[in-house]
Amino acid sequence: MLSTVFQKLQFLYKPYALAVVSIGYVLGELGHYLIGVTSKATAEDLHYGDISCQLNSTTLAIVDLPIQCEVAKNQSFCESLELNGSRYCEWNYNGLGLDYQILAGPSFIAVFTIVGVALGVAADKYNRVRLLTICTVIFSVAIVLMGAVKEYWHLVVLRMVLAAGEAGCNPLATGLLSDWFPEEQRGLVMSIFNWGIYGGYGIAFPVGRYIPKVNIGNLGWRACYYGAGIIGLIVACLTFTLTEPKRKTIGEEETNSNGKKVPVWKVILQPRIIILCLAASIRHCGGMCFAYNCDLYYRDYFPDYDLGWWLFAVTIVIGSIGVVVGGVVSDKFVRKMGIRSRVACLAISQIIATPFAFGSVYFTPLWAMITLGISYFFAEMWFGIVFAVVVEIVPLHLRSTTIGAFLFVMNNIGGNLPILVEPTRMAIGFRESLYIFYAGFYGISSIMFFLTMFLMEGNKKEPKKINNVKQEFGYDNNVFTNDDGRAPTLELPRIYPPPSHQIENSRL
């Protein structure tokens, strides 16, 4: 009875497994990006980063101020600015500066990339479900402890522990999902899973902006980390219930013409892998630059606008639709054009997204959110498609290792280059720095994806089967039976139609 029920519900296992690993990834990315939204409150509490003159009133509009707060370059001038007898500026930590950029980028990426490669190698040899469970527990505990820090260096160390746990999510889950789901669903599945990056990033806006204001238990910004970490531990328990799937070969063959396994260096050093990785790194840098700085940017340029829910809606709703559409479109085209079609989807989507990314920084809040939404729809197609391409062009025994190495390069370049935003901001301005490292890098990546497309194989045409069976005239008596239903033992002679008369042999 119970086994019958399990058999009927077996079709739900794959969606359940996809949901569990995706939610775990969302929580890991929430812990990753939450610092970008809580940075101002965290900096005020732990005293790190830059101090500047900022608007402290939510009832005044920028146009109503006689003197803008950012004009004041020292504390005394800042605190002397008044309107109708009330001070409207404060001299306080703004959450920016080199300390923040190190906390958000290099401290996380340094551990994330190294551990990611190690776990990618381990995933090809050991039980991936158990490894993924351990990783989920590690990053969840780190997020909880981040809510209890007292010093800046505590936060840096725990960001590194968080990175070590989250580093295994992508290579481990990517290998599991490629074995759970068939090729025709792989682009969509990878897109849904990798939406976790944007899901965690999008949820960070309302969580980081509004939960501290509620001041649950007088915890302020710390409540965000406690809640995310506890939910992560629950997901770790659910991850433990999954079963290790049988590893299967997908995409291209894992042996060369001599029947020997292809060595890892030959796989990783393929020109198409190198260019695809560099293109992904540039695109990742553009996304990271905006992710780490967009909330601080909009607060800095439009302090009288509350864009928290707008950013959440654009990221979660429109970004999610873009992720799914990208997966479905690439799955449809790959049946006709092969792996090359996935890379074509990458190039086209990023080309379309680039001008709208520029507009999201250039325009005032209304049009900035509109252009950001359009940009997100096309831009966020990229991540799931990239890894669908990678798992289809590498051998089975090197799949997780290659993904780990791919992530190592991509995250080192894409995760560390955003630190250049700070000196560029000081030199030419915050907005101008995002023009370069956000919208500009989108455009560069689209060109590189386009070049990568020509290194990929097209659709492999199956050879037509030639029917070599000699055509015979008449009927085969073997198909007949006698009155007893038995085949006759004596075969009647076959009668063929007489050949047609040749004109030259006829006599008229």
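The values are calculated or read from the model by the stated rules, or taken from the named source; none is laboratory data. Computed from a predicted model, the values in this text were never measured in an experiment. Cβ placement follows ideal geometry from the backbone for every residue including glycine, while neighbour counts extend to all protein chains displayed. Remember, those area values only see protein heavy atoms, side chains included, never the ligands or the DNA or RNA. Shrake-Rupley method; radii C 1.70, N 1.55, O 1.52, S 1.80 Å.
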Exercise for the section: For the stretch 168-211, enumerate the residues that are without any contact (Cβ under 8 Å) to a residue 60 or more places away in the chain and not in a helix (DSSP H, G or I). Expected result: Gly168, Pro182
Exercise for the section: Output the helices (runs of 4 or more DSSP H) that fall wholly within the stretch 390-452 and possess 3 or more residues being open to solvent by less than 40 Å² (accessible area, probe 1.4 Å) and either closer than 30 Å to Ile51 by Cβ or outside the structural domain of Ser375 (by the TED database) (or both), or say none. Expected result: 421-428, 430-434
Exercise for the section: Identify the single condition in (1) more than 30 Å from Ser57 (Cβ to Cβ); (2) over 21 Å from the mean Cα position of the chain (by Cα); (3) buried (at least 20 other Cβ atoms within 10 Å of the Cβ); (4) touching a residue at least 60 places away in the same chain (Cβ under 8 Å) that Leu158 does not satisfy, given that it satisfies every other one. Expected result: (4)
Exercise for the section: Please indicate, with yes or no, whether at least one residue in the stretch 71-79 is open to solvent by less than 70 Å² (accessible area, probe 1.4 Å), acidic (Asp, Glu) and in a loop (DSSP other than H, G, I, E, B). Expected result: no
Practice task
State which residue is farthest from Asn170 (Cα to Cα) when the search covers only the stretch 22-36 and only residues that are open to solvent by less than 10 Å² (accessible area, probe 1.4 Å) and aliphatic (A, V, I, L, M).
Solution key: Ile35
Exercise for the section: Name every residue in the stretch 41-55 that is surrounded by 15 or more Cβ atoms within 10 Å (Cβ to Cβ) and not hydrophobic (A, V, I, L, M, F, W, C), in order of residue number. Expected result: Thr42, Glu44, Asp45, Tyr48, Gly49, Asp50, Ser52, Gln54
Exercise for the section: Please verify whether the stretch 150-157 includes one or more residues that are assigned to a helix (DSSP H, G or I) and of a type in the set (Asp, Glu). Expected result: no
Exercise for the section: Search the stretch 91-111 for residues that are hydroxyl-bearing (Ser, Thr, Tyr) and pair each with any residue that is crowded, with 20+ Cβ neighbours inside 10 Å when their beta-carbon atoms are under 6 Å apart and the residues are at least 6 apart or on different chains. Expected result: Tyr93/Ala43; Tyr93/Gly49; Tyr100/Ser39; Tyr100/Gly49; Ser107/Arg159
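Listed here are the residues, each with its yes/no results for (1) surrounded by fewer than 23 Cβ atoms within 10 Å (Cβ to Cβ); (2) touching a Cys at 6+ places or on another chain (Cβ under 7 Å).
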site	(1), (2)
Ala118	yes, no
Cys135	no, yes
Asn170	no, no
Leu177	no, no
Ser191	no, no
Tyr201	no, no
Exercise for the section: Report yes if some residue within the stretch 291-308 is under 17 Å from Met369 (Cα atoms), among the aromatic types (Phe, Trp, Tyr), surrounded by fewer than 23 Cβ atoms within 10 Å (Cβ to Cβ) and at pLDDT below 85; otherwise report no. Expected result: yes
